[in-house]
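Everything on this sheet refers to the single structure shown next.
The values are calculated or read from the model by the stated rules, or taken from the named source; none is laboratory data. Being a predicted model, the structure only gives us computed values, none of them experimental. No Cβ is skipped: glycine too gets one built from the backbone with ideal geometry, and neighbour counts run over all protein chains shown. Only protein heavy atoms, including side chains, enter the accessible area calculation; ligands, DNA and RNA are left aside. Shrake-Rupley method; radii C 1.70, N 1.55, O 1.52, S 1.80 Å.
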Amino acid sequence: MPANSGKNRLDIRPGLVVEVVLKKDQRSGKRTRGIVKAILTTSSFHPHGIKVRLEDGRVGRVQEILP
């Protein structure tokens with residue numbers, strides 16, 4: 001599994017640019033780009049991606065960590 005997949009909490013920290021899938025977009029898989037403000041998932045791993053709050057207030061699961 002690539003390190004930028006967003007499934008491991010250790011790979012994610014505030015300030016990173018990420019692509020997330022918002023709750024309303026889970027069926028379509030549409031991704032939204034944003035900057036991590038807070039990490040909401042408490043476990044170290046989540047198979048669907050770590051849940052984060054973006055700086056604009058939206059919440060989604062990280063699909064990819066961007067460079």
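Can you pull out the GluC sites (Glu not before Pro) in the chain that DSSP calls coil and that have at most 15 other Cβ atoms within 10 Å? Loop-located and lightly packed - E55. For the chain, with all protein chains in place and a probe radius of 1.4 Å, 52% of the accessible heavy-atom surface sits on carbon or sulfur. P(r) tail for the chain: Cα pairs beyond 20 Å make up 14% of the total.
Restricting the trypsin sites (Lys or Arg not before Pro) of the chain to loop positions (DSSP other than H, G, I, E, B) with no more than 16 neighbouring Cβ atoms within 10 Å leaves R27, K30, R31, R58. The mean sequence separation of alpha-carbon pairs under 8 Å and at least six residues apart, normalised by the residue count of the chain, gives a relative contact order of 41 percent.
Give me the net charge for the shell around F45: Cβ to Cβ below 9 angstrom, other residues only, Lys and Arg +1, Asp and Glu -1.
On the way: positive: K7, R9; negative: none.
Once all neighbours under 9 Å are counted, the net charge is +2.
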